[in-house]
Amino acid sequence: MLAVLPLVAWVLLAAFCVLGFGRKQSRFACWTAAAGMLLGIVMAGILGRFVIAPVEKKAGQTVQLTVCVESASSSYQDGMCRGLLLVEEENGSPVHYRVYGTAFPESELGERFSAQFSLEGLDGEEYRLADYADGAYLQAEMQGDYQPLAPSRAARFAFARLGRKMAQNLLAQLRQPYSGLLAAMTLGQTGYLSAEAKSVFRRAGISHLLVVSGLHLTLTAGVFLSKRKKRYFRAGALAAALTALFMMELAGMTPSVVRAGTAMLVSVAGTFVLAAPDPLTSLGLAGLLLCLGNPYGVCDLSFQLSFCACLGLVVCQKITTRAKRKHSGAVWLLSLLLPPVFAALFTLPVQLLQGLTVSGVSVIANLATVWLTAPALSFGLLGCLVGLLPRCRVAAGFLLVPAGLCVRLMLALANWAAELPFAVLVLPRWETLGVFVLCAFLAGMCLHKKKGRLLWVLLPIVIAVSAGGIWRLNRDVVRVQLVGPTNNPCAVVTENGTSLVLFRGGSIQQNRTMEYLENCGISEAELVVDLRQNGEALCLAARQVVTAEQLAQGVSESFSWNGHEVLVLNQKQGNLALLMVDGKRILMTAGRGEFSSRFDADLLLAPTGTIPKELQVRQILCGRQRPELEDGKVEFHWGKRAAALLRPGKEIKFKETAQ
């Protein structure tokens, strides 16, 4: 789906140009769209033939690599990381390509080491394009022979080390979670954010404030572009360009800051040739520069969200400009309310396609918190810079006090917004996208026919009728979703806003389950069945927790969830849970299940070993492909996001979900 998204975006852009402009502009837009699609296809073909294919041929080999860490995040194993590695040497020969390291010792950006790796192809199509966007075409698993080397001296890693040092100064001056929030907003150092703070900002729909983007560059570099000081305007433009470059390097050259920085550099360049900056030209040029070396860059999620939001702001600016010409009364109110509305609308399709949380209070939260970004960013960045000077820690502390107060108030407002009704909207992907396209089509037709008043009548009716229909279609539907690592996932069953968790795994599995429940708008599970034999204490929020190991051995006990019966059995070498839904029997086991006689199940969830002969199942749902289970007698379904849907009176259906 990600591969089709840029193509669809160009087609929609051409369609709206046809509806909104005259014949000449429409023809030019169509030719531009066709040229863009052709250029993308040619670039992707060249990259695949001459860059990706030679690297993918190395799959299956075990080689000695010298690598440099370009990104790192916590892995499933304690003391290990996973992330993007730049390969500098292969068996002693200099090379240049990237791999995705699945597990390597904890490292900082820019650190280098040598080790023996086994190279394999990327798993699944879901993350393949995202890895391609990062420039990684293989995954590498470290086998041993680890030897740390001297860190890289590249400028980008020097800026990364500078950012970490400034973030550590923040942590010494302010306590968490405020220091982590300020480090993310000012320096782009998101590694210090607490999970609770990220969750609150995500529920409130203001996660973009925690990523250095166009807003942050405008508040820092934009102050040098004041039109009042015409005498020193070009000097200010040069200072703005240098500040933008500094912020881009400090934030790690993420797509959002590169897009904003390129747009600002284009505007600055226009001042030297006395040309007025054009937002669409700057946006398009930024996109071309980001994708010039890697056409798969459009598959990056932050790229898509950043560009869609910026396009929405450009459209909003044109609407408010037209409104100023015709009216002068409440234009300031439109300028205040419309930007977050248009940014939310233009990013909604990407959020739905990617299975992200959609916030129903993002406009309110933006209006309540955005005004605090300027003082927090100004005092925070100034305090970080002063803190680098010797014997200036006290002065830096004084500067960070107002920044900390602003961040504290921002977090309080985000908490308030996140607790409002409809803060998290669970929207079905394809149905909501269909309604969105229908509303966009009606808006385009009404504006083309100059029937603005008719639009305000039709849109509420279409949205209300569609919302009622979607609610009716998804009511009383039981969804069984596998969550976590594909080799040993747990199962989350949801129906009408309630959930049942059949749990197995460790602490990371608990975090994945909590994130999934949060994305579903569920604060706590109704029932959690712990199927582990020797597991640590559960930290999942639930009204009732059943631990299979604490039950009497060999005797099944019955529990109720949302009117459905759940049977839990503790066995000597394993545990099992059986869910009864509308006459369907859904079974999940942990360990080795034992059956003394024939046992029938309609659906078996992610079996960890071989299936006993006494167990007769009709369908199997797994997180990954299991050739040993595909014998032709049983329907086998697998996928990272594969889910089973049970509608009242209907057979079990399987589909790929957005979550």
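The values are calculated or read from the model by the stated rules, or taken from the named source; none is laboratory data. Keep in mind the model is a prediction, meaning the values are calculated, not measured. Heads up, the Cβs are rebuilt from the backbone with ideal geometry, glycines too, and the neighbour counts pull from every protein chain shown. Quick note on the areas: whole protein, heavy atoms, side chains included, nothing else; ligands and nucleic acids left out. Shrake-Rupley method; radii C 1.70, N 1.55, O 1.52, S 1.80 Å.
The dipole here belongs to the chain: it is taken about the Cα centre, uses +1 on the Cβ of Lys and Arg and -1 on the Cβ of Asp and Glu, and is about 3600 debye.
For the stretch 178-216, backbone nitrogen atoms closer than 17 Å to the point 7 Å from Ala172 Cα along Cα-to-C-beta are found at 179-180, 183.
Here is the P(r) of the stretch 401-478: all C-alpha pair distances, binned every 5 Å from 0, give 3, 12, 15, 14, 12, 12, 11, 9, 8, 4, 1 in whole percents. Panel note: the C-alpha atoms of the chain, placed on their principal axes, show extents of 91, 67, 54 Å (largest first).
The overall shape of the stretch 85-162 is oblate: from the C-alpha gyration tensor, with semi-axes ordered a ≥ b ≥ c, the ratio a/c is 1.5 or greater and a/b is no larger than b/c. For the stretch 64-196, the share of accessible area belonging to carbon and sulfur comes to 47 percent (1.4 Å probe, ligands and nucleic acids excluded). Work out, in µm²/s and without decimals, the Stokes-Einstein translational diffusion coefficient of the stretch 363-500 at 4 °C, 1.567 mPa s, Rh from Kirkwood over C-alpha pairs. For the chosen part, D equals 64 µm²/s.
What does the charge count near Arg49 come to, summing +1 for each Lys or Arg and -1 for each Asp or Glu among other residues with Cβ under 15 Å from its Cβ? Walk me through the intermediate numbers first.
Details: positive: Lys57; negative: Glu56.
For residues surrounding Arg49, the net value is 0.
Applying both filters, DSSP loop and at most 16 other Cβ atoms within 10 Å, to the GluC sites (Glu not before Pro) of the stretch 414-508 gives Glu419. Remark: the chain carries 52 Å² of accessible area per residue (probe radius 1.4 Å; ligands, DNA and RNA excluded).
Distance between the 7 Å Cα→Cβ label points at Glu419 and Asn91: 6.3 nm. A Förster radius of 45 Å combined with the Cβ-Cβ distance from Ile508 to Ser596 puts the calculated FRET efficiency at roughly 0.80.
The stretch 400-503: which chymotrypsin sites (Phe, Trp or Tyr not before Pro) are DSSP loop and have at most 13 other beta-carbon atoms within 10 angstrom?
Working: sites: Trp416, Phe422, Trp430, Phe436, Phe441, Trp456, Trp471, Phe503; in loops: Phe422.
Of the chymotrypsin sites (Phe, Trp or Tyr not before Pro), the ones in loops of the stretch 400-503 whose Cβ has at most 13 other Cβ atoms within 10 Å are Phe422.
A Stokes-Einstein calculation at 25 °C with viscosity 0.890 mPa s, built on the Kirkwood radius of the stretch 43-95 over Cα pairs, returns a diffusion coefficient of 186 µm²/s.
Our summary gives the chain a relative contact order of 8 percent, counting only alpha carbon pairs under 8 angstrom and 6 or more residues apart.
Screening the chain for whole DSSP H helices of 30 Å or more along their axis (Cα) with average Kyte-Doolittle hydropathy at least 1.0 returns 331-354, 393-418, 452-474. Taking every DSSP beta bridge that has both ends in the chain, the antiparallel portion is near 75%. Rounded, prolate or oblate: pick one for the stretch 299-404, where a ≥ b ≥ c are the square roots of the eigenvalues of its C-alpha gyration tensor, a/c under 1.5 means rounded, and failing that, prolate if a/b is larger than b/c, else oblate. Judged from the Cα gyration tensor, the stretch 299-404 comes out oblate (a/c at least 1.5, b/c at or above a/b). In the stretch 360-514, carbon and sulfur make up what percent of the accessible area (probe 1.4 Å)? Carbon and sulfur: 71 percent of the exposed surface of the stretch 360-514.
Rounded to the nearest 5, the antiparallel percentage of DSSP beta bridges internal to the stretch 547-623 is 65%. Of all DSSP beta bridges confined to the stretch 498-579, the antiparallel ones make up roughly 55%.
Leu646 sits among other residues whose Cβ lies under 11 Å from its own Cβ, and their net charge, with Lys and Arg +1 and Asp and Glu -1, is 0. Taking 30 Å as the cut-off for C-alpha to C-alpha distance, list the pairs among Lys572/Lys653; Lys57/Lys613; Lys572/Lys613; Lys326/Lys449 that go past it. Result: Lys572/Lys653; Lys57/Lys613 exceed 30 Å.
Shown for the stretch 527-575: the carbon plus sulfur share of the solvent-accessible area, taken with all protein chains present and a 1.4 angstrom probe, equals 42%.
Under the classification rounded if a/c is under 1.5, otherwise prolate if a/b is larger than b/c and oblate if not, where does the stretch 138-256 fall, given a ≥ b ≥ c as square roots of the Cα gyration tensor eigenvalues?
Values: a/c = 2.21, a/b = 1.43, b/c = 1.54.
Oblate is the answer for the stretch 138-256, as a/c is 1.5 or above yet b/c matches or exceeds a/b.
Using +1 at the Cβ of each Lys and Arg and -1 at the Cβ of each Asp and Glu in the stretch 504-649, identify which of Gln509, Ile522, Ser556 lies farthest towards the dipole's positive end. Positive-end residue among those listed: Gln509. Sparsely packed loop sites in the stretch 529-568 (the GluC sites (Glu not before Pro) outside DSSP H, G, I, E and B with at most 15 other Cβ atoms within 10 Å) comprise Glu536.
Look at the alpha carbon pairs under 8 Å that are at least 6 residues apart: their mean separation over the length of the stretch 127-263 gives a relative contact order of 22 percent.
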